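Working notes, structure below.
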Amino acid sequence: MTQTVWCQWNDIAVPSGWTITNTDLEAMSPEQLAEISIYVPRYMAGVKALSYMEKMPNLHLLQLLMAGYDDAIAFMKDGQKLCNARGVHDFSTSELAISMILAHFKNHAEFARHQTEGTWRHKTAGSLYGKRIAIVGAGSIGSKLAAMLTIFETRVDLFASYARENIKSMDELSSNAHLYDCIVLIVPLTDKTRNLINKKILGSMKDGSLIVNVARGPVVNTQDLMDELSKGRISAALDVTDPEPLPNNHPLWSMPNCQIIPHVGGDSEAFEPQARKYLEQQFAEIAQGLPLRNEIDWKNP
């Protein structure tokens, strides 16, 4: 079966008989848009890119270039399939999470302030060695992060929507939050995970601990987080925020115990080669009649 693919890279290898284009969607005629059967929205282009789906009457597959898919659900229609890019961002997001964890425990923010002041202030730095870390989200990225953290001889516990071998249920998090030096969030945004991290969990975290969000902003209740950060008892490292982008005058910017990164977890030099490889494999397997990779049950996320 022939397919017409829209993708930001028009030099991706596609099966024989397929067509691939990256023509500006605004410039495409209704007839051209009607030819698109597989749509790969431009990476990090947001809801605007998803809105073009409404002009593609013959679309049957939406292939995302990110792991998160919550924004896409509102645009899906009966008969269409949705796939995310599970696995593509494992290295990038895990690297960012580790860098933020290390920055916290190795006192980077404090030493950076001293450099700005031009003062040499020696102190014993912290370490990841022996720290106990909770990773909330046992998917592809969470598993990669857990593996990477083993080099630091940390103790890692994985949490997921339901308990299974070597993985705890997210329902256990609130009663165990006090055990961890660091809690890392890498879950999709769903009705169950929205405001998952609230005043109950934040208030029970141990003194000096760190909450890291590389998932989606609304997984953390922003007001509850600010209330707890204002006490100076815990710290936060956020690649994502709610709202996002974070407004210039938002109080989170001025909190000294909060690292803010502008949502670059998956957007690194590792992204494009891995995304291209993934797409080519997905397209080749579609042509062979094999099951879709990373298909999402978007009606029951």
In square angstrom, what is the accessible area per residue of the chain with a 1.4 angstrom probe?
50 Å²
Here FRET efficiency (C-beta to C-beta, Thr21 to Gln80, R₀ 22 Å, nearest 0.05) is 0.70
Hey, of (1) 26, 49, 24, 2, 0; (2) 31, 52, 17, 0; (3) 27, 41, 26, 7, 0, which did the structure itself give for P(r) over Cα pairs in 20 Å bins from 0, in percent when calculated?
(2)
Nearest 10, in degrees from 0 to 90: the angle of helix 271-287 to the longest Cα principal axis of the chain is 40 degrees
Part-to-part distance (alpha-carbon centres) for the range 180-221 and the range 42-89, which is given in Å:
26 Å
Taking Cα atoms, how many degrees apart are the long axis of helix 140-149 and the longest axis of the chain, rounded to 10 and kept between 0 and 90?
40 degrees
Short version: what are the Cα gyration tensor semi-axes of the range 191-301, square root of 5 times each eigenvalue, largest first, in whole Å?
36, 17, 12
Would you please name the GluC sites (Glu not before Pro) within the range 213-301 that are DSSP coil residues with at most 16 other C-beta atoms within 10 Å of their C-beta?
Glu269
Mean shadow area of the range 1-80 over all directions, Cα convex hull, nm²:
5.3 nm²
Candidates per trypsin sites (Lys or Arg not before Pro) in the range 201-291, loop by DSSP, up to 12 other Cβ within 10 Å:
Lys231
Starting from the Cα of Lys168, draw a straight line to each of the lysines and keep only those under 20 Å, dropping any in the same chain fewer than 8 residues away.
Lys131, Lys144, Lys192, Lys200, Lys206
Compute the convex hull volume of the Cα atoms of the range 10-164, divide it by the residue count, and report the result per residue in Å³ as a whole number.
197 Å³
Restricting to Cα pairs under 8 Å and 6 or more apart, the percent relative contact order of the chain works out to 16 percent
19 Å Cα-Cα reach of Lys199 towards lysines, excluding residues that sit fewer than 8 places from it in its own chain
Lys231
Per-residue SASA entry for Asp71, accessible area with 1.4 Å probe, Å² rounded to 10:
90 Å²
For the chain, built as a Gaussian network whose Cα springs stay under 10 Å, the top-fluctuating residue of Gly142, Gly265, Gly232:
Gly232
If you roll a 1.4 angstrom probe over the protein chains with everything in place, what fraction of the accessible area of the chain belongs to carbon and sulfur, to the nearest %?
50 percent
Report, in cubic angstrom per residue, the convex hull volume of the C-alpha atoms of the range 65-119.
111 Å³
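The values are calculated or read from the model by the stated rules, or taken from the named source; none is laboratory data. Computed from a prediction, not measured in an experiment: that's the story for all the values here. We place every Cβ from the backbone using ideal geometry, glycine too, and count neighbours over all the protein chains shown. For the accessible areas, the whole protein counts, side chains as well, though only heavy atoms, and no ligand, DNA or RNA atoms are used. Shrake-Rupley method; radii C 1.70, N 1.55, O 1.52, S 1.80 Å.
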